[in-house]
Amino acid sequence: MFDFTKFNAELKKIEEKLNSEKKYRNNSFENLISSWKNFVSELEKGYQASIDDYILDINMRDVIQDYLENVSTDLKEKLLFEIKNSDQLFIEFTDAIKDAPTVIRHLNYPSEKFWFYRKPKKLSEYLSIYF
């Protein structure tokens, strides 16, 4: 993982902004990246968690996007580099779906937020009822 020490002040500022908007709670950017990578690894093996867990996991990518939209160009390039491989693997381990999962469909996420419009290729029977 890239050393973000140089950008600590900028990341802290964004963290405080997102926390004040109640989109984000007590999690560093590095933890978000690590959690996103772990989630993608789970997808490769076969996602067995609940729909609530799945929604939390894909919302993690949305918080990462909030970071990307609020940082300097220099930092954004580095952050994109950090998530590029995980995003590519996420696409590889998921299938595109027309609508977001039923429990969040009413939120009408924009289509460029691709993580809301994909479902695990390997998912439990329980989870399949939500897609």
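Taken together, the values in this text are just the output of simple stated rules run on the coordinates, not laboratory data. Keep in mind the model is a prediction, meaning the values are calculated, not measured. Every residue, glycine among them, receives a Cβ derived from its backbone with ideal geometry; neighbour counts consider all protein chains shown.
You will find that of ILE51, ILE55, ILE64, the residue that is out of contact with any Leu (no Cβ under 9 Å at 6 or more places or on another chain) and not polar (S, T, N, Q) is ILE55 and no other. Looking at segment 62-72, can you tell me whether even one residue there is without any contact (Cβ under 8 Å) to a residue 12 or more places away in the chain and under 22 Å from SER28 (Cβ atoms)? Scanning segment 62-72, I find at least one residue that is without any contact (Cβ under 8 Å) to a residue 12 or more places away in the chain and under 22 Å from SER28 (Cβ atoms), so the answer is yes.
Meeting the requirement of 2 or more residues that are under 29 Å from LYS12 (Cβ atoms) and in contact with a helix residue (DSSP H, G or I) (Cβ under 6 Å, 6 or more places away or on another chain), the helices (runs of 4 or more DSSP H) wholly within segment 28-131 are 29-45, 51-68, 73-92. Among the residues of segment 106-131, the ones that are surrounded by 13 or more Cβ atoms within 10 Å (Cβ to Cβ), hydroxyl-bearing (Ser, Thr, Tyr) and in contact (Cβ under 8 Å) with a residue 60 or more places away in the chain come to 2 in all.
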